[in-house]
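Below is one structure, written out as structure tokens, with a few remarks after it.
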Amino acid sequence: MSRFLLIFAALIMAFSFPAAAETRIGVVDLRQALFSSDDAKAFSETLQKDFAGDEAKVREVQEEARKLKERLEKDGAMMNETERNKLVSEFQEKVKEFNFLKQRLDSTVNQRKQAFLEEARPEVDVAVKELLEENDLDLILPSEAVVYVKPEMNLTSQLLEKLNR
């Protein structure tokens, strides 16, 4: 719904000005520029190093759960009820452990990514303002709100250059 509102608002603004033909609008893909920047690449490498052990533990528990499931499928019919129930219980515990570890890892990684985005925001804002002034634009829109843009008005690469200096 919000994407629709952004597009609608942009269209209303573009057509409501009497001098609409003189309004200069640029477009940037903020997400692409930010996550392609040198800072983002360094952040990603740090993130991978910091959470390598946690990711390995999640994969290990997932593999243990997979082996238990395979054993259940392969040998479950030949086991007595007590053995089968024990194996089912072990499998369910591994699945719970996997889900807990995965959710905790995802949550922690997302918090770190959000912190990175918040930290980068002032630099992105400055770079976008510079683009606005350097290109003599009246408005810069996010690419998600635009159906089509002339290639020369897509300023994403220029934004990336500014973020990398």
| query | Contour minus end-to-end for GLU97 and ASP54, with contour as 0.36 nm per residue of separation and end-to-end as the Cα-Cα distance? | reply | 14.2 nm
| query | Which residues does a label at GLN32 reach in the range 142-165, if reach means a backbone N under 14 Å from a point 7 Å past the Cα toward the Cβ? | reply | 142-161
| query | Against the longest principal axis of the chain, how steep is helix 52-75, in degrees 0 to 90 to the nearest 10, with axes from Cα atoms? | reply | 50
| field | Semi-axis lengths (Å, descending) of the ellipsoid that matches the C-alpha gyration tensor of the range 6-165 | value | 52, 20, 11
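Coordinate-derived values only; no laboratory data. Fair warning: this is a prediction, and the values are worked out from it, not measured in the lab. Glycine gets a Cβ as well: all are built from the backbone with ideal geometry, and neighbour counts include every protein chain shown.
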